[in-house]
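The values are calculated or read from the model by the stated rules, or taken from the named source; none is laboratory data. Please read all numbers here as calculations on a predicted model, not as lab measurements. Virtual Cβ from ideal backbone geometry, glycine too; neighbours counted across all protein chains shown. These accessible areas exclude ligands, DNA and RNA; they are computed on the full protein's heavy atoms, side chains included. Shrake-Rupley method; radii C 1.70, N 1.55, O 1.52, S 1.80 Å.
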Amino acid sequence: SQELEQSPQSLIVQEGKNLTINCTSSKTLYGLYWYKQKYGEGLIFLMMLQKGGEEKSHEKITAKLDEKKQQSSLHITASQPSHAGIYLCGAAPNSGYSTLTFGKGTMLLVSP
Amino acid sequence: DTGVSQNPRHKITKRGQNVTFRCDPISEHNRLYWYRQTLGQGPEFLTYFQNEAQLEKSRLLSDRFSAERPKGSFSTLEIQRTEQGDSAMYLCASSQTGGNYGYTFGSGTRLTVV
């Protein structure tokens, strides 16, 4: 079965600093999803990356997919308190995009 | 469309009781998924439906768990004879066929078994 390892497990950054979260898969990545979760709430969709070495950006968040390394990275520029939360990566196990396997998440705290 | 709706938001039950959760997906989504999430972990897949057909069930889904999606619209997840280990957040998601359009998650139902 596919496993996703996220690093770091937690992160505290000062407001205004940049940060990167990584997600490494044990198997081929067909689709890679990034979600954000506030404690005790549901998942908010951020971005989806497909095969082909995609890179996407939305506001101050950029996500990249490196197929050869079976890895994705999420980069936040000039972090703000609103960026705080748990970031989860999820991967589709096959090209049929049925179910998702998730990593354990990276908890981000942004200090003023 | 108000997104994926889950009810109740919170449920506290005594061990051994049965509980049922409901999920209303986005109306045009034909796929519906149930996941379970415990503290400090990512969501774990339980089962999914395409229209009214249950296409896949995880080995995590013991025989005390049953899910239905009558008429391919809303879905219910029932847990019989609850155990303390069932305490978790139960998340529902929906998508169009293929999933590469994105999965939309609900706010979840937090179950506490005492």
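Based on this model, can you work out whether A:Ser82 counts as part of a strand (DSSP E or B), among the small types (Gly, Ala, Ser) and more than 10 Å from chain B (Cβ to nearest Cβ)? Reasoning before the result, please.
Numbers: part of a strand (DSSP E or B): no; among the small types (Gly, Ala, Ser): yes; more than 10 Å from chain B (Cβ to nearest Cβ): yes.
Judged against the criteria, A:Ser82 is not a match.
Answer yes or no: is there a residue in segment A:8-23 that is within 8 Å of chain B (Cβ to nearest Cβ) and closer than 26 Å to B:Cys92 by Cα. Write out each step before concluding.
Of segment A:8-23, the ones within 8 Å of chain B (Cβ to nearest Cβ) are none.
No, segment A:8-23 contains no residue that is within 8 Å of chain B (Cβ to nearest Cβ) and closer than 26 Å to B:Cys92 by Cα.
Please find, within segment A:102-112, the residue that is nearest to the other protein chains (Cβ to nearest Cβ) out of those that are open to solvent by less than 40 Å² (accessible area, probe 1.4 Å) and in contact with a helix residue (DSSP H, G or I) (Cβ under 7 Å, 6 or more places away or on another chain).
A:Leu108
Please work out which one of (1) crowded, with 21+ Cβ neighbours inside 10 Å; (2) over 22 Å from A:Ala92 (Cβ atoms); (3) polar (S, T, N, Q) is the condition B:Ser95 fails and give its number.
Evaluating B:Ser95 over (1) crowded, with 21+ Cβ neighbours inside 10 Å; (2) over 22 Å from A:Ala92 (Cβ atoms); (3) polar (S, T, N, Q) leaves (2) as the failure.
Tell me which of these B:Phe45 doesn't satisfy, since it passes every other one: (1) without any contact (Cβ under 8 Å) to a residue 24 or more places away in the chain; (2) within 21 Å of A:Gln2 (Cα to Cα); (3) surrounded by fewer than 14 Cβ atoms within 10 Å (Cβ to Cβ).
Result: B:Phe45 passes all but (3).
Which residue out of B:Gln6, B:Gln84 is polar (S, T, N, Q) and either farther than 23 Å from A:Tyr35 by Cα or touching a Phe, Trp or Tyr at 6+ places or on another chain (Cβ under 6 Å) (or both)?
On the way: B:Gln6 fails: either farther than 23 Å from A:Tyr35 by Cα or touching a Phe, Trp or Tyr at 6+ places or on another chain (Cβ under 6 Å) (or both).
Every option except B:Gln84 fails the conditions.
Select, from A:Gln2, A:Gln70, A:Gln6, the only residue that is of a type in the set (S, T, N, Q), open to solvent by less than 60 Å² (accessible area, probe 1.4 Å) and at pLDDT 95 or above. Talk me through it step by step, then tell me what you get.
Values: A:Gln2 fails: at pLDDT 95 or above; A:Gln70 fails: at pLDDT 95 or above.
Just a single option satisfies the conditions, and that option is A:Gln6.
Under 8 Å between Cβ atoms, which residue pairs at least 6 apart in sequence (or on different chains) link something in segment A:35-50 that is facing chain B (nearest Cβ under 7 Å) and in contact (Cβ under 8 Å) with a residue 40 or more places away in the chain with a partner that is open to solvent by less than 40 Å² (accessible area, probe 1.4 Å) and part of a loop (DSSP other than H, G, I, E, B)?
A:Leu43/B:Pro43
I need the full set of residues from segment B:70-114 which are assigned to a loop (DSSP other than H, G, I, E, B), over 11 Å from the mean Cα position of the chain (by Cα) and more than 8 Å from chain A (Cβ to nearest Cβ), in order please.
B:Ser73, B:Gln80, B:Arg81, B:Thr82, B:Glu83, B:Ser87, B:Gln96, B:Thr97, B:Tyr101, B:Val114
Looking only at residues that are over 23 Å from A:Glu41 (Cβ atoms) and over 11 Å from the mean Cα position of the chain (by Cα) in segment A:69-79, which one is farthest from the other protein chains (Cβ to nearest Cβ)?
A:Ala78
Any residue at all in segment B:51-64 that is away from chain A (no Cβ under 11 Å), at pLDDT 95 or above and surrounded by 13 or more Cβ atoms within 10 Å (Cβ to Cβ)? Before the answer, list the steps.
Let us first name the residues in segment B:51-64 that are away from chain A (no Cβ under 11 Å), namely B:51-54, B:60-64.
Narrowing further to those that are at pLDDT 95 or above: B:64.
This time we only want the ones that are surrounded by 13 or more Cβ atoms within 10 Å (Cβ to Cβ), so: B:64.
Yes, that holds for at least one residue.
Could you look through segment A:85-101, keep only residues that are within 10 Å of chain B (Cβ to nearest Cβ) and under 10 Å from the mean Cα position of the chain (by Cα), and pick out the one that is surrounded by the most Cβ atoms within 10 Å (Cβ to Cβ)? So that I can check it myself, show each step before the final result.
Restricting attention to segment A:85-101, the residues satisfying the condition of being within 10 Å of chain B (Cβ to nearest Cβ) are A:86, A:88-90, A:92-93, A:95-101.
With under 10 Å from the mean Cα position of the chain (by Cα) added as a condition, the list becomes A:86, A:88-90.
On the way: A:Ile86: 20, A:Leu88: 27, A:Cys89: 32, A:Gly90: 25.
Here the answer is A:Cys89.
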